[in-house]
Amino acid sequence: MKIAIDKKVFIVTGASSGIGEEICKQLSKKGAIVVCAARRKNELDRVSDIINKSDGVCIPIQTDITIPTQCQNLIDKTLDEFNQIDGLVLNAGISMWARFEDITNLGFFKELMDVNYFGAVNCVHSALPHLKKTKGVIVSCSTGQALMGFPRHSGYAASKHALHGFLSTIAIENKNEVNILEAVLGWIRGTNLRDNAYGPTGEVQKKPPKHDNKESISLDQCVSQIVFAIEKGKRTTYIPKKLKYIPFLKAFARWYLEERADKAVEKSN
């Protein structure tokens, strides 16, 4: 289902920085009304101020998506303000960088699932009835690791696999009522996802575990492709495009796919 973004109401989680912030800005430039959601109020206010001062319409709603009542509050306040919801962008997420056998504290695995999976489930549960009324769209800022295993990302890949399966089911159950777009992302420059990745001790690592390389995609280019996919009513968009080969290689050349993933990680160390 193609979507004209102008005058549509979009909720964006993880909107205080990186991909989420850029999605808010680009949707606003297309004429969308934007609701920014994240835990950091100061950063939400900053993003909202930028958009409103650029003749956009944006409100910040501080939200911890791991708490169902706060997700419901996010939806209720959006409806009170704008009376409709046309899009829900699931962008909030956290990551890790550690071989499973080297992990000494598994506690952060629960947080990975709480934010990356259950947080998204909470948002969808509260928003779905209203998205069906507008034949809206749910956008998942996903990753190639939702489709395959990846070294040093066992807990992260598991959480993204869970979200992939959940949204695939939601798409089937709500065919022709809500569009589900999965943005399968690779290395994206300009985000703090890797800066805040958990290490083997369960603490956030002090420096990025992997630096950007020549194959990484700029933040602006990444989000432009996501917004284009929303407008065209796509079910999946791969950024970069080479990620579209993952399902094929997983089915017919798994050994090659796994070898490439392993080499990519080892090269980064």
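Laboratory data are not the source of any read-out in this text; all were calculated from the coordinates shown. The model shown is predicted, which means the values in this text are computed figures rather than measured ones. Glycine gets a Cβ as well: all are built from the backbone with ideal geometry, and neighbour counts include every protein chain shown.
Observations on the model:
- Phi-derived couplings, Karplus 6.51 cos²θ - 1.76 cosθ + 1.60 at θ = phi - 60°, listed residue by residue for region 104-114: 9, 9, 7, x, 6, 4, 5, 5, 4, 5, 4 Hz, with x used for Gly and Pro.
- Peptide ranges 66-74, 27-35 listed from the most packed, as the mean C-beta count within 10 angstrom indicates: 27-35, 66-74
- Using the Karplus relation 6.51 cos²θ - 1.76 cosθ + 1.60 with θ = phi - 60°, the per-residue 3J(HN,Hα) values for region 139-155 come to 10, 9, 7, 9, 7, x, 6, 7, 10, 7, x, 8, x, 6, 10, 4, x Hz, with x marking Gly and Pro.
- When you filter the trypsin sites (Lys or Arg not before Pro) in region 130-162 for DSSP loop state and at most 16 other Cβ atoms inside 10 Å of their Cβ, you are left with LYS135.
- Annotation: the residues ARG235, ARG189, ARG194, sorted from fewest to most other C-beta atoms within 10 Å of their own C-beta, follow the order ARG235, ARG189, ARG194.
- Of all lysines in the structure, the ones whose alpha carbon falls short of 23 Å from that of LYS53, not counting any fewer than 8 places away in one chain, are LYS7, LYS8, LYS25, LYS29, LYS30, LYS41, LYS77.
- Annotation: lysines with alpha-carbon distance below 22 angstrom to LYS263 (same-chain offsets under eight excluded): LYS160, LYS207, LYS210, LYS214, LYS241, LYS242, LYS244, LYS250.
- Most simply put, the chain has about 5% antiparallel DSSP beta bridges, counting only bridges with both residues inside it.
- Nearest-ten-degree value, helix 119-134 long axis tilted from longest Cα axis of the chain: 40 degrees
- 3J(HN,Hα) from dihedral phi, region 70-79, Karplus parametrisation 6.51/-1.76/1.60, rounded to Hz, x for glycine, proline: 6, 5, 5, 4, 4, 5, 4, 5, 5, 5
- Taking HIS164, HIS153 and counting other C-beta atoms within 10 Å, the order from fewest to most: HIS164, HIS153
- Its Cα centre serving as origin, the chain has a Cβ charge dipole (Lys and Arg +1, Asp and Glu -1) of approximately 780 debye.
- Reach of LYS110 by Cα under 16 Å, taken over aspartates and glutamates that are not fewer than 8 positions away in the same chain: ASP64, GLU203
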